Amino acid sequence: MLSLPKNFETFNEARQKSFMALYEAKERGKKIIGTFCSYTPTEIIHAAGAIPVGLCGKSEQGIAEAEMHLPKTICPLIKASYGMALTDQCPYFYFSDGILAETTCDGKKKMYELMNLMKPVHVMNLPQGKDQALAIESWTEEVKRAAKFLENLLGTTITEEKLHDAIVYRNKIRRAILEIYEVAKLKPSPVSGYEISTVAESADFHFTDDDLVAKLEKTAREFKSRIRNDDPNRPRVLITGCPNAGVRDKIIKRLEELGADYVCADTCAGPRAQKFMTDENSDPYRAIAERYLKINCSVMTPNTQRFDDIRELIHEYKVDGVIEIVLHGCHTFAVEAFTTMKIVQSELAMPYMRLDTDFSQTDGGQIETRLGAFIEMMTAA
Ligand code: BJ8
């Protein structure tokens, strides 16, 4: 009989429900592998018979404790992820048998060294430039090395057949999630972007045997059939920059309450991380490596494709303004923000606003004022 974490009673109902589903899967003998990034090839986790679960911190919880081990100036996502694990406040970390991580930004890759003292952490060496010589060859080898780590950790064998099945399964999930994002292309969007992102994210926390793909497809159909009674001319916003789950209520929810629609994200919580399918008919390791290396994240240099994607998303989702979220301490997105600003303001002549923030609530009032002014600017444009 497995034990529950000591602070389980303090979790809210939704967290308790999700955690219990994972608990039951674990009781049935399933293994759990924690992940932190869109570059994690989840196919090899499925092929190893395990469940992947995202472990990124999304609140202030654990940050004070994390700052006893990590520099205060590191980004809040890293501190929260580490702190939640350290203080047993993350139910998913608690049940993880191991962690599959990558060398993305410096803060994350160094944090993993400390996290490795709590659970087995395997760090994949992600090439820092996707166009560099031998990038795809070295990343393919990293995918194979990660598969070996899982085999040894979980006492299993990853066959090509299991990998192929996992590739087909993940592709189906991606297509279903993309259908949900597509809903917001309708003008006006029948569903709030906040709700869309919450539903899309829930796919990462699916631990029962229910058919996830069917569930997502049903949700997409239901979303498309909805009728919204808001003002059809609400300005439409693209959110870009750092992952925003930890500031979603403070920024995105508030933005929508103030009268704008969040229609699309150029972040890992948007089509960027889902739109590439893995080739189902070639060498599975190479196909997986090729698929993941296409993701456009600021940890890559150069990362020009991200800006082409932003232009395309602005056009496809009929966007009226762009908000860039930069988490304190995230240098890669902070530097790229200069280029985003130039493209949006100078090339596309569209309102752009950059919000530098963290997971605390202390700047909520200031952000609200700036969101209000930004909506006025978009309405006047
Ligand atoms: S693929 S966006 S999930 S690395 S942790 S880079 S905010 S300083 S998270 Fe990310 Fe993968 Fe890229 Fe997506 Fe900055 Fe903080 Fe680093 Fe961060």
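Glu376 passes all but one of (1) outside any strand (DSSP E or B); (2) touching a strand residue (DSSP E or B) at 6+ places or on another chain (Cβ under 8 Å); which number fails?
(2)
When you go through Gln89, Gln128, Gln132 one by one, which is the residue that is farther than 30 Å from Glu27 by Cα and away from the ligand (no atom under 16 Å from the Cβ)?
On the way: Gln89 fails: farther than 30 Å from Glu27 by Cα; Gln128 fails: away from the ligand (no atom under 16 Å from the Cβ).
The match here is Gln132.
In the list Val121, Val53, which residue meets the criterion of being crowded, with 21+ Cβ neighbours inside 10 Å and within 22 Å of the chain's Cα centre (by Cα)?
Numbers: Val121 fails: crowded, with 21+ Cβ neighbours inside 10 Å.
Selected residue: Val53, the only one of Val121, Val53 that is crowded, with 21+ Cβ neighbours inside 10 Å and within 22 Å of the chain's Cα centre (by Cα).
Any idea how many residues of segment 56-86 are within 14 Å of the ligand (Cβ to nearest atom), surrounded by fewer than 24 Cβ atoms within 10 Å (Cβ to Cβ) and closer than 25 Å to Lys26 by Cα?
2
Considering only segment 342-367, state which residues are under 25 Å from Ala66 (Cβ atoms), among the β-branched types (Val, Ile, Thr) and not in a loop (DSSP other than H, G, I, E, B). Before you say what the answer is, go through the steps one by one.
If we filter segment 342-367 for residues that are under 25 Å from Ala66 (Cβ atoms), which is where we start, we get 355-364, 366-367.
Subsequent filtering for residues that are among the β-branched types (Val, Ile, Thr) retains 357, 362, 367.
Passing the criteria: Thr357, Ile367.
Could you check segment 340-354 and list, in sequence order, the residues that are more than 16 Å from the ligand (Cβ to nearest atom) and of a type outside the set (D, E, K, R)? Break it down stepwise before answering.
Residues of segment 340-354 more than 16 Å from the ligand (Cβ to nearest atom): 341-353.
Within segment 340-354, Met341, Ile343, Val344, Gln345, Ser346, Leu348, Ala349, Met350, Pro351, Tyr352, Met353 qualify.
Specify which of the listed residues (Leu327, Leu293, Leu355) is in contact (Cβ under 8 Å) with a residue 60 or more places away in the chain and in contact with a Cys (Cβ under 8 Å, 6 or more places away or on another chain). Even if it seems obvious, please write down each step before you answer.
Values: Leu293 fails: in contact with a Cys (Cβ under 8 Å, 6 or more places away or on another chain); Leu355 fails: in contact with a Cys (Cβ under 8 Å, 6 or more places away or on another chain).
Just one listed residue meets the conditions, Leu327.
Being open to solvent by less than 20 Å² (accessible area, probe 1.4 Å), within 23 Å of the chain's Cα centre (by Cα) and within 16 Å of the ligand (Cβ to nearest atom) narrows it down to one of Thr304, Thr332, Thr357, so name that one. Talk me through it step by step, then tell me what you get.
Details: Thr304 fails: open to solvent by less than 20 Å² (accessible area, probe 1.4 Å); Thr332 fails: open to solvent by less than 20 Å² (accessible area, probe 1.4 Å).
One residue alone meets the criteria, Thr357.
Are any residues in segment 21-76 among the small types (Gly, Ala, Ser), at pLDDT 95 or above and in a helix (DSSP H, G or I), and if so, which ones?
Those that are among the small types (Gly, Ala, Ser), at pLDDT 95 or above and in a helix (DSSP H, G or I): Ala47, Ala64, Ala66.
List every residue pair whose Cβ atoms lie under 6 Å apart, where the two residues are 6 or more positions apart in sequence or sit on different chains, the first residue falls within segment 63-92 and is assigned by TED's automatic domain parsing to the domain that holds Lys17, and the second residue, located anywhere, is among the acidic types (Asp, Glu) and within 12 Å of the ligand (Cβ to nearest atom).
The qualifying pairs are Pro76/Asp358.
Quick check on segment 135-164: of everything there that is open to solvent by 30 Å² or more (accessible area, probe 1.4 Å), in contact with an Asp or Glu (Cβ under 9 Å, 6 or more places away or on another chain) and part of a helix (DSSP H, G or I), which residue is farthest from Ile32 (Cα to Cα)?
The qualifying residue farthest from Ile32 (Cα to Cα) is Ile136.
From Asp320, Asp363, grab the single residue that is more than 16 Å from the ligand (Cβ to nearest atom) and in contact with a Ser or Thr (Cβ under 7 Å, 6 or more places away or on another chain).
On the way: Asp320 fails: in contact with a Ser or Thr (Cβ under 7 Å, 6 or more places away or on another chain).
The unique qualifying residue is Asp363.
Only helices (runs of 4 or more DSSP H) wholly contained in segment 254-341 count here; list those with 3 or more residues that are farther than 21 Å from Ala80 by Cβ and out of contact with any strand residue (DSSP E or B) (no Cβ under 8 Å at 6 or more places or on another chain). Don't jump to the end; show me each part of the working.
On the way: elements: 254-258, 284-293, 304-316, 331-341.
Ranges flagged: 284-293, 304-316, 331-341.
Conditions (1) part of a helix (DSSP H, G or I); (2) closer than 21 Å to Ala50 by Cα; (3) open to solvent by 10 Å² or more (accessible area, probe 1.4 Å), marked per residue:
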{"site": "Lys172", "(1), (2), (3)": "yes, yes, yes"}
{"site": "Ile180", "(1), (2), (3)": "yes, no, no"}
{"site": "Pro188", "(1), (2), (3)": "no, no, yes"}
{"site": "Val191", "(1), (2), (3)": "no, no, no"}
{"site": "Tyr194", "(1), (2), (3)": "yes, no, yes"}
{"site": "Thr198", "(1), (2), (3)": "yes, no, yes"}
{"site": "Lys218", "(1), (2), (3)": "yes, no, yes"}
{"site": "Glu222", "(1), (2), (3)": "yes, no, yes"}
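So, of the residues in segment 360-381 that are among the acidic types (Asp, Glu) and open to solvent by 60 Å² or more (accessible area, probe 1.4 Å), which turns out to be nearest to His315 (Cα to Cα)?
Taking segment 360-381 and keeping what is among the acidic types (Asp, Glu), we get 363, 368, 376.
The next check asks that each one be open to solvent by 60 Å² or more (accessible area, probe 1.4 Å); those that pass are 368, 376.
Numbers: Glu368: 27, Glu376: 21 Å.
The extreme case among them is Glu376.
Given the residues Asp266, Asp279, Asp283, which is the only one that is within 16 Å of the ligand (Cβ to nearest atom) and of a type in the set (Asp, Glu)? Before you say what the answer is, go through the steps one by one.
Details: Asp279 fails: within 16 Å of the ligand (Cβ to nearest atom); Asp283 fails: within 16 Å of the ligand (Cβ to nearest atom).
Criteria check complete, one pass: Asp266.
If we keep just the residues of segment 200-216 that are charged (D, E, K, R) and in a helix (DSSP H, G or I), which is farthest from Phe93 (Cα to Cα)?
Taking segment 200-216 first, the residues charged (D, E, K, R) are 201, 204, 209-211, 215.
From what is left, the residues that are in a helix (DSSP H, G or I) are 201, 204, 215.
On the way: Glu201: 17, Asp204: 14, Lys215: 26 Å.
Filtering first and then ranking leaves Lys215.
The values are calculated or read from the model by the stated rules, or taken from the named source; none is laboratory data. As the structure is a computational prediction, the values presented were derived from the model and not from experiment. We place every Cβ from the backbone using ideal geometry, glycine too, and count neighbours over all the protein chains shown. Only protein heavy atoms, including side chains, enter the accessible area calculation; ligands, DNA and RNA are left aside. Shrake-Rupley method; radii C 1.70, N 1.55, O 1.52, S 1.80 Å.
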